[in-house]
């Protein structure tokens, strides 16, 4: 199963993860 | 052989040279074709200018497309719902945990005999506090692997490098924001309110004009005519179970403090402007961009998903579809994977505008549950919409782009949708 997030955010938004990284519920994905 | 190799003279004839030259030309032409297809993904449009969603990939995915994946998925779910003997449960679940890398120490129950079936174990909860919620703007909605992320370019979402799919097809938005939205739709059966193409469906068997449905007046209408449901989010639903709840509703009315808390987090006032999502296509502010992220849940992962931010879910769109595997292997090979598979697009807004979360089903995990929506039924046997619409292997399924929609305007009178805090459990995936 997969979850796709699509969202609007300011252009300054940056992801704090890299492709292939393991993540857990509540872990930071991105921030301004 | 050595002697022959050394002494036999080599004679060159014109024919092999010509064949070789033709081969070189063919190889070069093929290379150019591949480069071209990577630079400009082929998008076939129908007579209305909308993209035709087809199965795209090597022969192996076409073979998979010919399999009865939905039936296999339901059979898999049935088998895994069978109650296991108590003596076998600890051993069986430990073997499963060993194979798929589950951390049993995080499971809610240390006593594994409390999980009656593999399906029950698969949908296990975690102990309180084992998943702290970060204070970042966006947090992970699930345990899993980040497959891909980035910005949406030209209303297309990149599946893998060089392969993309339409955002409209994923979320069910119209091809153009200027698409007329004044059609009147009647529904014969509220449980099967399928509306084709870009139109909208709602429940209650009442005629709604689309303008009413997506406009400000729709909220009051659906509020008045909707009996509340009483969901139980702790138990996965069985196939075929029906409820009388007509419009999704939280199990208990959300408290004002909860609404106010989410409202503060979302950065909106109760009488908020819903223009960003009550239209059928996200209207992006000039200073903003559309971002996307894809998280893959492996079979051993915790399979409930949580809210990735503080936001308000205004509507859900259920797309009945195929149930291909969504593993990274398939995602890299099967084009349109996420718009072919069965999925539930939850659309709403957060402090920066449009926000959506789309759980996508897979062969082994075809059932998607929402804690605040008992009406939702996924991976059901379907005979409607036969004809396929050219989807390629979509026997008996509604055409791609078809969805049923429910609005959550009655979930919170304050926010006009289902408010969720960051990290709040939303639902999950069940086997089959």
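How many nm separate the modelled label positions at residue A:32 and residue B:381, each set 7 Å beyond the Cα in the direction of the Cβ?
5.2
By how many nm would the segment from residue B:67 to residue B:82 grow when fully extended, if each residue of separation counts as 0.36 nm and the alpha-carbon distance is taken off?
Taking residue B:67 through residue B:82 to full extension adds about 3.0 nm, to one decimal.
For labels at residue B:285 and residue B:12 in the simple 7 Å Cα→Cβ model, what's the distance in nm?
A separation of 7.0 nm, rounded to one decimal place.
How far, in nm, would the chain grow between residue B:105 and residue B:29 when pulled straight, counting 0.36 nm per residue and subtracting the alpha carbon separation?
21.7 nm
Calculate the mean, over all residues of peptide B:295-306, of how many other protein chain Cβ atoms lie within 10 angstrom of the residue's Cβ.
Across B:295-306, the average partner-chain Cβ count within 10 Å equals 3.
Give me the one-decimal nm value for the distance between modelled label points at residue B:113 and residue A:22, 7 Å along each residue's Cα-to-Cβ direction.
Inter-label distance under the simple model: 3.1 nm.
Rounded to the nearest 0.05, what FRET efficiency do residue B:60 and residue B:161 give with R0 = 30 Å and r taken as the Cβ-Cβ distance? Could you check?
Using R0 = 30 Å, I get an efficiency of 0.95.
Could you list B:408, B:296 so that the one with the fewest beta carbons within 10 Å of its beta carbon is first and the one with the most is last?
Fewest to most other Cβ atoms nearby, the residues stand as B:296, B:408.
For a protection proxy built on the mean count of beta-carbon atoms within 10 angstrom, sort B:96-104, B:154-162, B:344-352 highest first, please.
Put in order of decreasing packing, that is B:344-352, B:154-162, B:96-104.
Taking the convex hull of the Cα atoms, report for region B:295-373 its projected area averaged over all directions, in nm².
With the hull built on Cα positions only, its mean projection is 5.7 nm².
Within 10 Å of each residue's Cβ, count the other Cβ atoms and sort B:122, A:13, B:88 from fewest upward.
B:88, A:13, B:122
Over region B:116-155, how many percent of alpha carbon pairs lie in each 5 Å bin up to the one with the longest distance?
With a bin width of 5 Å, the distribution comes to 5, 13, 16, 19, 17, 13, 8, 7, 2, 0.
No value in this document is a laboratory result; all are computed from the given coordinates. Note that the coordinates shown come from a computational prediction; the quantities given were computed from them, not determined experimentally. Neighbour counts run over all protein chains shown; Cβ positions are idealised from the backbone, glycine included.
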